[in-house]
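Just below is one structure, and these are the notes that go with it.
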Amino acid sequence: MSSHHSNPLIYVAGHRGMVGSAIVRALEAAGHANLLTRTHAELDLTDQLAVDAFFAEQRPTQVYLAAAKVGGIHANDTYPAEFLYQNLLIEANIIHGAWRHGVERLLFLGSSCIYPRLASQPMAEDALLTGLLEPTNEPYAIAKIAGIKLCESYNRQYGADFRSVMPTNLYGPGDNFDLANSHVLPALIRKFHQAKLEGTPTVTVWGSGTPRREFLHVDDMASACVHVMNLDAETWRARVDPRCSHLNVGTGVDVTIAELARLVAELVGFDGEIVFDPSKPDGTPRKLLDVARLRELGWAARIDLADGVRQAYQWFLAHQGQLRL
């Protein structure tokens, strides 16, 4: 089978999510007009027969699997059955459907939570399955690990070309700013913005401020996805282990939550006091990805954290009327 069509029909599953919409933007910017998308109302990805019929009818050449049930610690801890069951169904249906109907190349998007809670830092790809997972998002992580192994198994058994990428903490346009279940960066943007508007003298940030986190702009993530998808099969197979084929995607740089809070406060224009609440959980002390493997394959992040946060804040200001806040 030829590795690439000159004008591939590309299906982006999860095109309305933060990552999926960024992938669509990146593909359109690269001149791909032949894009295939379906809303949840049009195609329920947990329905195996519906997904199989979709692949049989549309026959996409490439698939970006960015669809998933996602949420923060609270959501993961409250609905563990849904996070495991729905994500297993989505990835199993799409990966199997892609294989059955001759998709040439598929890219599965995972998460850095696949790694053991106490993995040595920075976390290399071969840390997978070497220790216990973080209990709060274990079901989601198990689903993502299953997705990686499903891709590898179809590659090994059937000679498929299914690839996996594991992003670090993502932020940017399309992020979730709902304080109940958003991630740390959008939550800080919203908190500092509200404090500035209301003239609040202090903002309280959860935890001690000492944990270190890595942040990747979602447009950088989309750029990495397109780069990995477009690597020729020989280069890909020569560089990755068939049983450890996933690639980390990050900046290779982390900051403390205290540094992040100060950066967000400055960019938003909040000049009050930042108070840390050590009675609230810190989570893992550090979560940094080793991105050497992806760098060797020719990709590195380009968007600086300060520039990225400034863009994310501008997006928040432009869209806050439509956000569920």
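Label segment 1-54 by shape, choosing from rounded, prolate and oblate, from the square roots a ≥ b ≥ c of the eigenvalues of the Cα gyration tensor; if a/c is under 1.5 it is rounded, and otherwise prolate applies when a/b is larger than b/c, oblate when it is not. Judged from the Cα gyration tensor, segment 1-54 comes out oblate (a/c at least 1.5, b/c at or above a/b).
Computed over the alpha-carbon pairs of the chain, the distance histogram in 10 Å steps reads 6, 26, 35, 23, 8, 2, 0 percent, short to long. Find how many whole Å separate the alpha carbon centroid of segment 71-102 from the alpha carbon centroid of segment 132-163. When both Cα centres are located, 11 Å separates them.
For segment 183-258, the alpha carbon convex hull comes to 117 Å³ per residue, rounded to a whole number. Distance between the pseudo-spin-label points of L132 and A318 (7 Å out from Cα toward the beta carbon): 4.6 nm. Oblate is the label for segment 60-162, because the ratio a/c of its alpha-carbon gyration tensor axes (a ≥ b ≥ c) is 1.5 or higher and a/b is not greater than b/c. Contact order, relative form, for segment 1-152: 24 percent (alpha carbon pairs under 8 Å, 6 or more residues apart, mean separation divided by residue count). Full extension of the chain between N181 and A306 yields a length gain of 42.6 nm, computed as 0.36 nm times the residue separation minus the alpha carbon distance.
For the pair D282 and Q48, label points projected 7 Å from Cα toward Cβ lie 4.6 nm apart. A straight Cα-to-Cα reach below 16 Å connects K287 with the aspartates and glutamates E125, D126, E134, E138, E214, D254, E259, residues fewer than 8 places away in its own chain not being considered. For the pair segment 269-318 / segment 197-213, the C-alpha centres are spaced 15 Å from each other.
Scaled against 2.2 N^0.38 Å for its residue count N, the alpha carbon radius of gyration of segment 1-142 is 1.14. Our coupling estimate for segment 38-52, obtained by passing each phi through the Karplus curve with A = 6.51, B = -1.76, C = 1.60 and θ = phi - 60°, is 9, 6, 4, 5, 7, 8, 7, 5, 8, 9, 4, 5, 5, 5, 4 Hz, Gly and Pro reported as x. Relative contact order of the chain, taken over Cα pairs closer than 8 Å and 6 or more residues apart, is 19 percent. Does segment 256-313 classify as rounded, prolate or oblate by the C-alpha gyration tensor (a ≥ b ≥ c root eigenvalues; a/c under 1.5 gives rounded; else a/b over b/c gives prolate, otherwise oblate)? Note, shape of segment 256-313 comes out oblate. With the alpha-carbon atoms of segment 207-325 aligned to their principal axes, the span from lowest to highest coordinate is 55, 33, 24 Å, starting with the largest.
Quick note: the coordinates plus some simple rules give every number you see, no bench work behind them. These numbers were taken from a predicted model, which means no experiment stands behind them. Heads up, the Cβs are rebuilt from the backbone with ideal geometry, glycines too, and the neighbour counts pull from every protein chain shown.
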